[in-house]
Amino acid sequence: MLAFMRATEMDENTAEFLRRLILKIPLCEMKPILEAWDFLSEGQLQTVNLKQRKEFLAQEVILLCEQCASLDDVALLDIMYTQFHRHQKLWTVFQMRKEPGEEIDFFDMEQFQHSFKRILQRALKNVTISFRVSEENSVWIRVAWGTQYSQPNQYKPTFVVYYPQTPYVFISSSHLRSTVPLLHQALKVASKHHQIVQLDLRSRHLDSLKTIAFREYNQTSENYNSTMSLHERSLGLEISLDSRIIHENKEEKVRIHRVTQETFGAYPQPQLEFAQYTLETKFKSDLGRGILADRKEPLRCLVKFSSPHLLEALKSLAPAGIADVPLSPLLTCIPSKKMNYFKIRDK
């Protein structure tokens, strides 16, 4: 009972926010996340009993934080948790643009944070904004939205990942559409860009989206040796010393392997979970009659390919004998076009 009474010395909403965060963190990740948070001292961390029930563990952490932890401190812990579990959110890629001929300015972190906060706080009275610079020099921004009459909802924030000196920003899906223009305006002003455009590229794998946006995957296809032995080694088709074993369709397998490697490369593919294709077409007939012929609205069809690792799955289709090579460019162009949402219309 004493623990609960003392915990109320912290702001009640902040204490509850911290409690829920601790309950979300898996026990196996508790220590590294609290260490990365860097709020508790090493001596305080050593006193935390990680083998007790999480409810008691949460109260123990609240007691350690009650005298000095602010809402901003707990929001920073939420950023740390989200960085560990970035795959639990759906991220959309946006590209910012400068005016033609305008040079890239030197990035000043303090100025960026100040400008970003100023834009949002001028437009919205109740908003919580937190920043963290990660080890890879990306800026993680957490925005909890309120209204003119209600406090920010700390349990449904928007997360933004911005890479300075680049035009790309990654934003988690927001439940409040009205906040999107404000967020875009703050990003444009703070990063000194004039336009922000949403790309048709979304995924839960933030690192793969970054890889595609920055073209960090290896785009150089291997130089293929025409000798049969090299292809055979790549395909696991080594000539057996046993003369009774006959390797069928050896040349076709080598061709499939070569075309697949030329199309996808020999490097691991960025991980995406889906690709969506919307087809719009109008019915055409020389007869000029029938219900469909009189239809003015186009016919629409939606096709969605999904897989835990879509690009690797597509890469394996031809070697597995499921599809012919080469695959359709609509399937293989996803990384190069930086898209996994396509609209296909009649020309």
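The numbers here are math on the coordinates, done by the rules we state, and not lab data. The structure displayed is predicted, hence computed values, not measured ones. Virtual Cβ from ideal backbone geometry, glycine too; neighbours counted across all protein chains shown.
Using the Kirkwood radius over C-alpha pairs as Rh, can you work out the diffusion coefficient of the range 295-334 via Stokes-Einstein at 20 °C, viscosity 1.002 mPa s, in µm² per second? Kindly include the intermediate steps, with their values, before the conclusion.
Details: Rh = 12.1 Å.
In µm²/s, the coefficient rounds to 177.
Calculated from the structure at hand, Cα extents along the principal axes in Å is found among [x] 79, 65, 48; [y] 58, 51, 40; [z] 63, 47, 46 as [x]. Between Ser316, Ser307, Ser328, the residue with the greatest mean-square fluctuation in the GNM of the chain (Cα pairs under 10 Å linked by springs) is Ser328. Applied to the range 256-273, the Karplus parametrisation 6.51 cos²θ - 1.76 cosθ + 1.60 on θ = phi - 60° returns per-residue 3J(HN,Hα) values of 4, 4, 5, 5, 4, 5, 5, 7, 9, x, 9, 8, x, 7, x, 8, 10, 9 Hz, with x for Gly and Pro. Phi-derived couplings, Karplus 6.51 cos²θ - 1.76 cosθ + 1.60 at θ = phi - 60°, listed residue by residue for the range 148-160: 5, 10, 9, 6, x, 8, 6, 9, 9, x, 9, 10, 10 Hz, with x used for Gly and Pro.
In this structure, the amide hydrogen of Leu199, modeled 1.01 Å from its nitrogen in the peptide plane, lies closer than 5 angstrom to those of Val93, Phe94, Gln95, counting only residues at least 5 positions away or on a different chain. Can you work out the FRET efficiency for the pair Arg177 and Phe84, with r the C-beta to C-beta distance and R0 = 22 Å, to the nearest 0.05? The calculated FRET efficiency here is 0.20. Normalised by 2.2 N^0.38 Å, where N is the number of residues, the C-alpha radius of gyration of the range 1-133 stands at 1.31.
Placing unit charges on C-beta atoms (Lys and Arg positive, Asp and Glu negative, everything else neutral), compute the dipole magnitude of the chain about its Cα centre in debye, rounded to 20. Display every interim value, and only then the final one.
On the way: 45 positive and 41 negative charges, 306 e Å.
Dipole size: approximately 1460 debye.
Separation of the range 147-166 from the range 325-347 is 33 Å, based on Cα centroids.
Express in nm, to one decimal, how much length is gained between Glu12 and Glu29 on full extension, taking 0.36 nm for each residue of separation and deducting their alpha carbon distance.
Details: separation 17, 0.36 × 17 = 6.12 nm, distance 2.57 nm.
Gain in length upon complete extension: 3.6 nm.
When the chain is fully extended, how far beyond the present Cα-Cα distance does Lys125 get from Lys192, taking 0.36 nm per residue of separation? Can you show the working numbers first?
Values: separation 67, 0.36 × 67 = 24.12 nm, distance 2.36 nm.
Between Lys125 and Lys192, full extension yields 21.8 nm more.
Highest mean packing first, where packing is the average number of other Cβ atoms within 10 Å per residue, the peptides 107-115, 125-133, 161-169, 74-82 line up as 74-82, 161-169, 125-133, 107-115.
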